[in-house]
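Worksheet for the structure shown next.
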Amino acid sequence: MPEEKAALTLDREINSVLATDCGSTTTKAILIERVGDEYRLIVRGEAPTTVEAPFEDVTAGARNAIREVEELTGKTFLDEAGVITPRRPDGSGVDIYMSTSSAGGGLQMMVAGVVKTMTAESAARAALGAGAIVMDVISVDDGRKPHEKIQRIRQLRPDMILLSGGIDGGTITHVVEIAELISAAEPKPRLGIGYNLPVIYAGNKDARPHIKSSLSKKVDLRMTDNLRPVLEREVLGPAREEIHNLFMEHVMAQAPGYNKLMAWTPIPIMPTPGAVGICMQTASKEYDLSVIGVDIGGATTDVFSVFGEYFNRTVSANLGMSYSICNVLLETGVANIMRWIPFDINEGDLRNRIRNKMIRPTTIPQTLDDLIIEQAISREALRLAFIHHKSLAVGLRGVHKQRTIGDTFEQTGSGESYIDMMDLGLLIGSGGVLSHAPRRAQAAMMMLDAFQPEGLTMLAVDSIFMMPQLGILSTVHPKASMQVFDRDCLIKLGSAIAPAGPNGSAKDGDPCVKVELEVDGQKIVEEVPYGSMKLVPLEDGKRAKAIIHPSRQFDVGKGFGHTLETTVTGGVVGLTIDARGRVFNVPEDTSQRNKKLVEWFTAMNLYPAELLKKYAQV
Amino acid sequence: MAHAYTPGLKVTERAVIRKTRRLPLLGEVLVEQGKAVSPDTIVARTDIPGNPQTVNVANSLGVEPEDIAEFMKVKTGGSIKKGEIMAEYRSFFGLFKHTVTAPVDGVVEMVSTVTGQVTLREPPIPIQVDAYIDGIVEEVLPKEGVVIRTEGAFIQGIFGVGGETQGVIRVAVDSPDDVLEETHIKPEDKGKVIVGGSLVTASAIQKAGEVGALGIVAGGIIDTDLIAYLGHDIGVAITGHEDVPVTVIITEGFGKMRMAHRTFGLLKNLQGFKASINGATQIRAGVMRPEIIVAGYQPKEAAQEHDLSQGLVPGTPLRIIREPYFGQLAEVVDLPPELQVIETEAHVRILRAKLADGTIVTVPRANVEIIEA
């Protein structure tokens, strides 16, 4: 975001902040105030988003959400012009207001580059990191014939295109070829009939005159620094900034009511996932931990990771728990969903249930069977989204080390994954199925099953999905943002110890891990055999010294068979010892699998005991 | 939030219906405000740019890209017919001749001296938008389209496939519990919209296509039958563009599900009337449900309407839309304001409802939809 705007808002002391996130279905408002020496969440309000007919004005939903905050606090934050800023002597208004948005489909982009695994991949990373959904990636070597590419570009109606290709001073032919395909396709924007589609060119600077002559008459062409000025470096910052500028100028300006909303705040409206990414990066820095965050929604699942200086975001546009739930079924297959269900269910019945959830997306499970089915589907959606993430969270391919500045990273070279599950310190889940699971242990288990963290990892969920608001707040007031994040946003479920292995063969019941804990001066020893799980009570806020002894076939971060001395943290679930091994798979035989699932679910106190007994008898 | 229930699908014998008919690109509106239109009246038209064809002339001629302009027989902006010589290169004092012919009729749009590509643009493709329903042009959206207003019967389905079409309604079964089978479909159903009860089978859909029926309306469908009909699975709930002979509209959901009495009764009353139907469904931002419209339908007597302005109140008729009472019709008995714990242990807002057999059940408010009049 522009520096001058940030400076402008910090000229005065900030004691109260109102922030909204205009989501595709719900607009959420939070009020943050300084209480003594720290910033805390005071209340939240929500209302249906009003971008669609009959309202077609996003501010109506924002006003409704803020009105709920007014009702809950008894204060006034709105007048006819919008949010009252700064706070007035009579107590009305707030010091600063800001908003994020993903309403109306969020930011939808197409990206193009010369080589699929090089400049096109860099363009995809730039777009995803800026908070976009990438509709397609076009490259010279993507296997499609020119007319197929043209056809595809014509079909898509993105909000903007990011075009990259070539290193500065290198050959211009290929990137011009892609520009000519775009020119031939004459793509039109999704919003604003009659407007020219914005195209950002971030490729070889020597090709600019040719790009201009190909495209400038047909699209709204913007030039920015090359994403790959040299092969060994990726510079994503300028392109991302241009994406954010165009998001404000073009996409938001065309969306109903956004001109009014933009006038309410001095801070540019940010795409929701872009803000969540900033929040994750701030959290990683603050806690000095590697972080993976996931937001599983109705239509999409976003995965964020911060490992060292490397930040990556991916969005799996068609993996979700309602609108896209049938796509989860399509991609993973019914057998993969059924492997998480500890009772027999007719396949046709399961398929029909999933379809009916798609067409009636706002319904909730009423029976435990239905809840278990929904949580089984979510494990698969999360697992697939994480696989997708790992495929993109990689170093620059085929080059030596080094990336640069800001959001650019040092490279590991040769497309190696940045994701090191043993190094992962914090795994954050967000989205209804995780945040609103009736028992918090269910959220912990879904994340353990889908992500399979190794070693020692803290598990947490976002209580009310306020990471977007905290992300945008962190751009102007990182301290307030992180205080609220730590105290009010994150619900800590507790540490999980999960030995990797076995290194060789092992069978159920073989020794796996012994954990010695010292809690409040009391010593506890837990031995958990391979293939089992154990939940150790450890309250939220408590910390315990832990000496973790993996058996020689297992590793908790110090090498196979080597002891780790560390501190574990409690949470609302407790300390989980997951000795199922990594990577673990559920048994293929149905009766064995059901038995094993019931055993794990019982160990984790996942569902009512009488229900699990019933499943065990079956 | 203020309303923790699904508003429900409209099933009404008399409603004011407005349809916005919009071009994909700016163009020309062909009708004036106040004009009466029928479904096939063209209300707006435009030309979208023709398909482009790229030809790598430099490669074909064996010359450098920067030199191709001098070998072009047709300059930028010039027209050319399919098979005509577009570029020619003679080498060795004219001894060897290399030519490139136009693959299509078109205009030379671009000659790139960087890539050696030539882009030919085929003639513009005319796009027309019809009125889709009988009605009056209420508003003209300059260069974009029109809003058409009509009054008549309006039924929304829950899910559909296939696009807009029109046909006369025929109810092919006796009760909303009946399954629409292949045997119900007759040769005289050509051009018709056939109504079934609780389910439409795969063979019935196939037969409908064979006889030339244009639409099917039924309570439910088996998901594998739908996949077989489409030839592919559906991942996300965005439909309407399928290339299928029969538009299929489902009113209740997947599986065998009795069609709501109200819906079935209204469709029976509409038998013999011409309907405009559309299977397009979009269950994301901008929710769109499939629809059946009978413009100009005048009910013989006014049906009893429920006042829905208060949302859910005791007596409101509703349909339960999730297990364990999925598909059952009920009536609100009681709306406790406090959150209640349900079997899943979730704390949610619930209601108590009386089922058709008199049983009182507890249901999360999120799992009901009001049967709207």
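Output the 0 to 90 degree angle, nearest 10, between the alpha-carbon long axis of helix B:202-211 and the longest principal axis computed from the alpha carbons of chain B. The angle comes out at about 60 degrees. DSSP assigns beta bridges within chain A; of those with both partners inside it, close to 65 percent run antiparallel.
A probe of 1.4 angstrom, applied to the heavy atoms of all protein chains, finds A:Val51 with accessible area near 20 square angstrom.
For the range A:440-513 versus the range A:344-386, the spacing of their alpha-carbon centroids is 23 Å.
How big is D, in µm² s⁻¹, for the range A:453-544 by Stokes-Einstein at 25 °C and 0.890 mPa s if Rh is the Kirkwood radius over C-alpha pairs? Estimated via Stokes-Einstein, D reaches 153 µm²/s.
The phi-based Karplus calculation (6.51 cos²θ - 1.76 cosθ + 1.60; θ = phi - 60°) puts the 3J(HN,Hα) values of the range B:132-145 at 6, 10, 6, x, 10, 6, 8, 8, 9, 9, x, 6, 10, x Hz, whole numbers, x for Gly and Pro. Placing pseudo-labels 7 Å out from each Cα toward the beta carbon at A:Glu249 and B:Glu84 gives an inter-label distance of 4.1 nm.
Determine the share of the range B:317-370's accessible area contributed by carbon and sulfur atoms, expressed in whole percent, with a 1.4 angstrom probe. About 50 percent, which is the carbon plus sulfur part of the accessible surface.
For the listed peptides A:26-38, B:180-192, a ranking on the average number of other beta carbons within 10 Å per residue, highest first, reads A:26-38, B:180-192.
Where Lys and Arg each count +1 and Asp and Glu each count -1, what net charge lies around A:Asn594 among other residues with Cβ under 11 Å from its Cβ?
It works out to a net charge of +1.
Shielding of peptide B:114-125 by partners, expressed as the average count of other chain Cβ atoms within 10 Å per residue Cβ, is 4. Counting Cβ atoms of other protein chains within 10 Å of each Cβ in B:253-259 and taking the mean gives 4.
Kirkwood analysis of the Cα pair distances in chain B returns a hydrodynamic radius of 24.4 Å. Descending by average beta-carbon neighbour count within 10 Å, the peptides A:296-307, A:426-437, B:168-179 line up as A:296-307, A:426-437, B:168-179, the highest first. Normalised Debye scattering of the range A:164-248 at q = 0.14 Å⁻¹ gives log10 I(q)/I(0) of -0.47, counting only Cα atoms as equal scatterers and leaving out solvent. Could you tell me how many degrees, from 0 to 90 and to the nearest 10, lie between the Cα long axis of helix A:146-155 and the main elongation axis, the longest principal axis, of the Cα atoms of chain A? Helix A:146-155 and the main axis of chain A meet at about 90 degrees.
Counting protein heavy atoms only, the range B:52-121 has 50 percent of its accessible area on carbon and sulfur, 1.4 angstrom probe.
Taking all protein chains together, B:Lys10, A:Lys260 sort by accessible area into A:Lys260, B:Lys10, largest first [probe 1.4 Å]. Using the 1.4 Å probe convention, the accessible area of chain B works out to 44 Å² per residue with neighbouring protein chains retained.
Packing-wise, with mean Cβ within 10 Å as the measure, how do A:82-94, A:147-159 rank, highest first?
The peptides rank, most packed first, as A:147-159, A:82-94.
For the segment A:179-187, counting C-beta atoms of other chains within 10 Å of every residue's C-beta and taking the mean gives 5.
Among the protein heavy atoms, those of A:Lys188 account for about 60 Å² of accessible surface (1.4 Å probe, every chain in place).
Normalised Debye scattering of the range A:271-498 at q = 0.11 Å⁻¹ gives log10 I(q)/I(0) of -0.55, counting only Cα atoms as equal scatterers and leaving out solvent.
Of the trypsin sites (Lys or Arg not before Pro) in the range B:74-124, which ones lie in a loop per DSSP and count no more than 13 other C-beta atoms within 10 Å? If you can, show how the numbers build up before the last one.
Working: sites: B:Lys75, B:Lys81, B:Lys82, B:Arg90, B:Lys97, B:Arg121; in loops: B:Lys75, B:Lys81, B:Lys82.
Here the sparse-neighbourhood loop sites are B:Lys75, B:Lys81, B:Lys82.
If you line up the long axis of helix A:119-129 against the longest principal axis of chain A, both from Cα atoms, how many degrees apart are they, to the nearest 10? Approximately 70 degrees, to the nearest ten.
A 1.4 Å probe run over chain A, with the rest of the protein chains in place, finds 36 Å² accessible per residue. How charged is the neighbourhood of A:Asp462? Take every other residue with its Cβ under 11 Å from the Cβ of A:Asp462, and add Lys/Arg as +1 and Asp/Glu as -1. Cβ neighbours under 11 Å give a net charge of -2.
Centre-to-centre separation between the Cα atoms of the range B:125-191 and those of the range B:351-373: 30 Å. Given the pairs A:Lys390/A:Lys507; A:Lys116/A:Lys558; B:Lys10/B:Lys207; A:Lys390/A:Lys534; A:Lys507/A:Lys558, which span a C-alpha to C-alpha distance of over 26 angstrom in this model? As for pairs spanning more than 26 Å Cα to Cα, those are A:Lys390/A:Lys507; A:Lys116/A:Lys558; B:Lys10/B:Lys207; A:Lys390/A:Lys534.
For chain A, the share of accessible area belonging to carbon and sulfur comes to 48 percent (1.4 Å probe, ligands and nucleic acids excluded).
Taking max minus min of the alpha-carbon positions on each principal axis, the protein assembly as shown gives extents of 95, 80, 70 Å, largest first. Buried accessible surface for the B/A chain pair comes to about 5000 Å², total over both chains, computed with a 1.4 Å probe.
The values are calculated or read from the model by the stated rules, or taken from the named source; none is laboratory data. These numbers were taken from a predicted model, which means no experiment stands behind them. Positions of Cβ are backbone-derived with ideal geometry, glycine not excepted, and every protein chain shown enters the neighbour counts. Side chains included, ligands, DNA and RNA excluded: accessible areas come from the protein's heavy atoms. Shrake-Rupley method; radii C 1.70, N 1.55, O 1.52, S 1.80 Å.
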